[in-house]
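Participant: A single structure is presented below for examination.
Each reported figure results from applying straightforward, stated rules to the coordinates on display, with no laboratory input. In this text, all values refer to a predicted model and were calculated from it rather than measured experimentally. No Cβ is skipped: glycine too gets one built from the backbone with ideal geometry, and neighbour counts run over all protein chains shown.
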Amino acid sequence: MTATSAHGSYYLASANQTLPTESLEGEVDADVCVIGGGYTGLSAALHLSQQGYSVALLEAETLGYGASGRNGGQVAPGHNMDHESLVKKVGKEIADLLWQISLESVELVRELIDQHQIECDKKDGVMHVAAKPAHNHHFEESVEYARRVLNYDDVEYVAPADVQQMLGTDKYHAGELYTRALHLHPLNYALGLAKAAQQAGARLFEHSRVTGYQSGAKPRVETATGAVNCKYILLATNGYLGKLEPRVAGKIMPINNFILATEPLSDELVKQINANDYAVADSRFVINYFRISGDNRLLWGGGENYSPNFPADIRSFVRKYMLEFYPQLENTRIDYGWGGTLAITLNRMPHFERLDQTLFVAHGYSGHGVAMATLGGKLMAEAIAGSAERFDAFAKVPTPTFPGGTLLRWPGLVAGMLYYSMRDRFF
Ligand SMILES: Cc1cc2nc3c(=O)[nH]c(=O)nc-3n(C[C@H](O)[C@H](O)[C@H](O)COP(=O)(O)OP(=O)(O)OC[C@H]3O[C@@H](n4cnc5c(N)ncnc54)[C@H](O)[C@@H]3O)c2cc1C
């Protein structure tokens, strides 16, 4: 299967609605043209339309086709670079602002779901757990740091015995529980944002792949069958950027991650393996993450690859990780297996940049995109409306280019990633 083929996911099979959309034919005028129909693009379209801007959003495939319709659905605060390291990089003031923004991003997801009554199986609680006893101290320290330095109380240390009781396995050890974090059906959340954006006046075009654009004095975005003449262009293509914008392509690396969905499990089995119905993510470099769907399936994410192709048999590829922790699922049927592409950056912080006065990009959320991409779209909308401080706070975090740029990025990184995943297995 290639990374661009239809995904056949559980999310697609349980999607709420299809919106009436069109594909771009001919010339259209809009204040803002958004490229990409994931959380970044949809949130930007929603927030801009609410402020009275006319918006045309162009999505190459269908809304939520990218990572936003395929992910693990975990919505937790924080960045992939910890606060202490951020302070060293950008100073305390900006690091604190970025922490506050990450808290806001989770609250924003909650608010949008409530305001627009998005039905997306929202549930509370995300727990990070140690896959090795040697990782326990990390959780003790990070909870202590959050409480003492960040004054953040919505996180609790969970002792190994409690983790093991909650998750029905002795393969996990200590943990940290984020009580204000949540998990959700990612595609239904994306479709809910799309509906809200459309109701606010945005025009959403599907099957409208952008083939090129010009920014500057007369911004114009082109597809094979039409064009949008606009004042601003927002680039929201994340891991699916391809060759569209060579100036930022080397700042991100697309990686593929995979998920399976079991058949619906009995209540008894669910209680055994996830008594509190939290979303769980472990401390491996290539993490395992899991949660229970609205209809009692175990959704298990595990395994990555760094090539343009997905494994031929995704279900088997992921199932082995699940069975390592829950061998009692040996005979459980696997109904779905799918993958998606996300963009990571070298420093694991999102990359926000204004390429000129009319062209903005927000991408590279690494593993934190559900909340941060939603907020990224809002920050682009804010920047266009004249308040760029928060967009610029991210833009101040230097995003290194991958060694070798787009040309050598693959082999170098594959070697790096393999090193880490080997380390994870052996140390
Ligand atoms: C398997 C998996 C699990 C994940 N789990 C989590 C998780 O649990 N929690 C979390 O916070 N994050 C998670 N993520 C990351 C998160 O899903 C992403 O960071 C987030 O969805 C990015 O949103 P986006 O809108 O920026 O990009 P995307 O949702 O990828 O959207 C980009 C869109 O741009 C479109 N596009 C590309 N090129 C063009 C073009 N030329 N013209 C028009 N349209 C174009 C694509 O078709 C695509 O729909 C996961 C990602 C994956 C793949």
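Participant: Give the order of His83, His351 when sorted by the count of other beta carbons within 10 angstrom, beginning with the fewest. Display every interim value, and only then the final one.
Facilitator: Working: His83 21, His351 24.
Fewest-to-most ranking of His83, His351: His83, His351.
Participant: Roughly how compact is the stretch 254-297, stated as its Cα Rg over 2.2 N^0.38 Å to two decimals?
Facilitator: Details: Rg = 12.0 Å, N = 44, 2.2 N^0.38 = 9.3 Å.
Ratio of Rg to 2.2 N^0.38 Å for the stretch 254-297: 1.29.
Participant: Between the stretch 210-235 and the stretch 89-106, what is the C-alpha centre distance in whole Å?
Facilitator: The distance from the Cα centre of the stretch 210-235 to that of the stretch 89-106 comes to 32 Å.
Participant: Further question on the same structure: Which one of Pro246, Leu379, Asn288 has its Cα pushed farthest toward the positive end of the charge dipole of the chain, where Lys and Arg give +1 and Asp and Glu give -1 at the Cβ?
Facilitator: Looking along the dipole axis, the top candidate is Pro246.
Participant: Sort 21-29, 94-102 by the packing proxy (mean of other Cβ within 10 Å over each peptide's residues), most packed first. Don't skip to the answer; put the middle values down first.
Facilitator: Working: 21-29: 14.0, 94-102: 18.8.
My ranking of the peptides, most packed first, is 94-102, 21-29.
Participant: How much mean residue ellipticity at 222 nm does the chain get from its helices, if each DSSP H run of length 4 or more adds -39500 (n - 2.57) and you divide by all residues, to the nearest 500 deg cm²/dmol?
Facilitator: On the way: 13 runs with 151 residues, N = 427.
For the chain, the value works out to -11000 deg cm²/dmol.
Participant: Report, in degrees rounded to the nearest 10, the 0 to 90 angle that the Cα long axis of helix 186-199 makes with the longest principal axis of the chain.
Facilitator: The answer is roughly 30 degrees.
Participant: With the radius of gyration and the Kirkwood radius both derived from the Cα set of the stretch 203-312, what is their ratio Rg to Rh?
Facilitator: Radius of gyration relative to Kirkwood radius: 1.15.
Participant: Please report, in cubic angstrom per residue, the volume enclosed by the convex hull of the alpha-carbon atoms of the stretch 1-86. Numbers along the way, then the final one.
Facilitator: On the way: hull volume 14.9 nm³, N = 86.
Dividing the Cα hull volume of the stretch 1-86 by its residue count gives 174 Å³.
Participant: What dipole magnitude, in Debye to the nearest 20, does the chain give about its Cα centre under +1 on Lys/Arg Cβ and -1 on Asp/Glu Cβ? List each step's numbers first, then the result.
Facilitator: Working: 37 positive and 47 negative charges, 228 e Å.
Magnitude of the dipole: close to 1100 debye.
Participant: Using the per-residue mean of other Cβ atoms lying within 10 Å as a proxy for protection, in what order, highest first, do the peptides 224-236, 37-49 fall?
Facilitator: Working: 224-236: 21.4, 37-49: 30.7.
Taking the mean over residues of other Cβ atoms within 10 Å, the ranking is 37-49, 224-236.
Participant: Follow-up question, since we're still on this one. Taking the mean number of other Cβ atoms within 10 Å as a proxy for protection, how do you rank 52-62, 185-195, 123-133 from highest to lowest?
Facilitator: Numbers: 52-62: 22.5, 185-195: 26.5, 123-133: 20.4.
Answer by packing, highest mean first, reads 185-195, 52-62, 123-133.
Participant: Compute the orientation-averaged projected area for the chain from the convex hull of its Cα atoms and round it to one decimal in nm². Present the calculation step by step, with values, prior to reporting the outcome.
Facilitator: Values: hull surface 76.2 nm².
Over all viewing directions, the chain projects a mean Cα-hull area of 19.0 nm².
Participant: Report the per residue volume, in Å³, of the convex hull enclosing the C-alpha atoms of the stretch 261-408.
Facilitator: Working: hull volume 22.9 nm³, N = 148.
Spelled out: Cα convex hull of the stretch 261-408, divided by residues, is 155 Å³.
Participant: With unit charges on the beta carbon (Lys/Arg positive, Asp/Glu negative), name the residue among Phe325, Leu97, Asn309 whose Cα is farthest towards the positive pole of the charge dipole of the chain.
Facilitator: Asn309
Participant: Between their Cα atoms, which of Lys218/Lys378; Lys218/Lys251; Lys92/Lys132; Lys123/Lys271; Lys195/Lys378; Lys132/Lys251 are more than 21 Å away from each other? Spell out each step's value before the answer.
Facilitator: Details: Lys218/Lys378 24 Å; Lys218/Lys251 26 Å; Lys92/Lys132 32 Å; Lys123/Lys271 16 Å; Lys195/Lys378 16 Å; Lys132/Lys251 32 Å.
From Lys218/Lys378; Lys218/Lys251; Lys92/Lys132; Lys123/Lys271; Lys195/Lys378; Lys132/Lys251, over 21 Å: Lys218/Lys378; Lys218/Lys251; Lys92/Lys132; Lys132/Lys251.
Participant: Right, something else. Enter the angle in degrees (range 0 to 90, nearest 10) between the Cα long axis of helix 369-384 and the first principal axis of the Cα atoms of the chain, meaning the one along which they spread out most.
Facilitator: So the inclination is approximately 30 degrees.
Participant: What list of whole percents do you get for P(r) of the stretch 196-243, with Cα-Cα distances grouped in 5 Å bins up to the one holding the largest distance?
Facilitator: Going from the shortest bin to the longest, the percentages are 5, 16, 25, 27, 20, 6, 1.
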